[in-house]
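Novice: I have a structure here, written as structure tokens, and I will follow up with some questions on it.
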Amino acid sequence: MTILQMRGRARAGASGHLWGASRLTYAALAATAVLSVFPIYWMFVVATRSSDAMGQVPPPVTPGGNFPANLDRLLGNADAHFMTGMLNSAIVAGAVTVSVVFFSSLAGFAFAKLRFRGRNALLLVIIATMMVPTQLGVIPLYMLMSELNWNDHLQAVIIPFLVTGFGVFMMRQYASQAVSNELIEAARIDGCSTLRIYWNVVLPALRPAAAVLGLLTFMTTWNDFLWPYAVLNDPENPTVQLSLRALSNGYYQDMSQIFTGTAIATLPLLLVFIVFGRQIIGGIMEGAVKA
């Protein structure tokens, strides 16, 4: 047996060991998928039924026909301002996501590939900001927003989070490996400026990491409750999470209305996950083809 044949058998055995899966594995994966998806599915089921579905045993697992009525009551709720909350959350989450991805990728490129004085010290400062809990900065940040007269305005929710230490560190780690120094030097020889190198060379290479960062940032900003609750005191100018909170206030809680609002508020997250997920897979496949 030749050495090439031995290597071929070893690779075949390794690939078979890597990709082979038993029935128990498939059963465990199926059970995990069901346990993960069922709460979301049941939320949509209750959104199409009356509040009595919450107490039924066994619980209903098929959609009902009450969704139009639940939606009318949700949109007609004068305390929730649900559509205003959806629009505000879309503006806030979209602006924060675009800003975080842009500035984090730009700073990550600088920390990974550019040489300047104090680079390591500045990176340590950025990493140190990740160690401070968000709750510790609420009071001084709220005082700053009050001094700027930004309370009850969306800029108070957007501007403090236009860039994050986690985003900079993540993009720096990815750029240090995804972008080769030879490629940057070749671009410089061709006469490209630093910003053009970033836009035409670095940013396309960072697309998978940028998609992950954008997905995490959008989900975090969309689901944020504490900071909007602190600075947006106007009940007519809420985010979607404050609108959902308004639905649960009072002695009587209309659970079908709450679940309807929660289901609608979840749809943008699913859409963003699908869009960014395609970008992640596309970037990975593009890198694999180039390799």
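The values are calculated or read from the model by the stated rules, or taken from the named source; none is laboratory data. Fair warning: this is a prediction, and the values are worked out from it, not measured in the lab. Please note: Cβ atoms are built from the backbone with ideal geometry, for glycine as well, and neighbour counts cover all protein chains shown. Each accessible area value is taken on the protein alone, full model and side chains, heavy atoms only, with ligands, DNA and RNA left out. Shrake-Rupley method; radii C 1.70, N 1.55, O 1.52, S 1.80 Å.
Novice: With +1 on each Lys and Arg Cβ and -1 on each Asp and Glu Cβ, how big is the dipole of the chain about its Cα centre, in debye rounded to the nearest 20?
Specialist: The calculated dipole for the chain is roughly 1640 debye.
Novice: Normalised by the residues of the chain, what does the relative contact order come to in percent, with Cα pairs under 8 Å and at least six apart?
Specialist: 30
Novice: Using Cα pairs closer than 8 Å and at least 6 residues apart in sequence, work out the relative contact order for the range 65-170, in percent.
Specialist: 46
Novice: Per residue, how many Å² of accessible area does the chain show with a 1.4 Å probe?
Specialist: 61
Novice: Also: First select every other residue whose beta carbon is under 12 angstrom from the beta carbon of Ala187; then total the charges, Lys and Arg +1, Asp and Glu -1.
Specialist: The answer is 0.
Novice: Another question about this same structure. If you take every residue apart from Leu124 with its C-beta less than 15 Å away from the C-beta of Leu124, what net charge results, scoring Lys and Arg +1 and Asp and Glu -1?
Specialist: Combined, the nearby Lys, Arg, Asp and Glu give +3.
Novice: So, one more: Among the complete DSSP H segments of the chain, which ones combine at least 15 Å of alpha-carbon extent along their axis with a mean Kyte-Doolittle hydropathy of -0.5 or more?
Specialist: The answer, listed by residue number, is 3-19, 23-47, 82-113, 119-129, 165-178, 207-223, 255-290.
Novice: Report relative contact order for the range 99-239 in percent, whole number only (criteria: Cα-Cα under 8 Å, sequence separation at least 6).
Specialist: It comes to 41 percent, rounded to a whole number.
Novice: Helix-only mean residue ellipticity at 222 nm, the chain, DSSP H runs n ≥ 4 weighted -39,500 (n - 2.57), per residue, nearest 500. What is it?
Specialist: One gets -22500 deg cm²/dmol as the mean residue ellipticity at 222 nm.
Novice: Next question. Find which of Gln135, Ser248, Ala28 sits farthest along the positive direction of the dipole of the chain, computed with +1 on the beta-carbon of Lys and Arg, -1 on that of Asp and Glu, about the Cα centre.
Specialist: Towards the positive end, the residue furthest out is Ala28.
Novice: For the range 55-147, take the convex hull of the Cα atoms, compute a quarter of its surface area, and give me that in nm², please.
Specialist: 12.5
Novice: While we're looking at this one, here's another question. Net charge near Thr262, counting Lys/Arg +1 and Asp/Glu -1 over other residues with Cβ under 15 Å of its Cβ?
Specialist: Within the 15 Å Cβ shell, the charges total +2.
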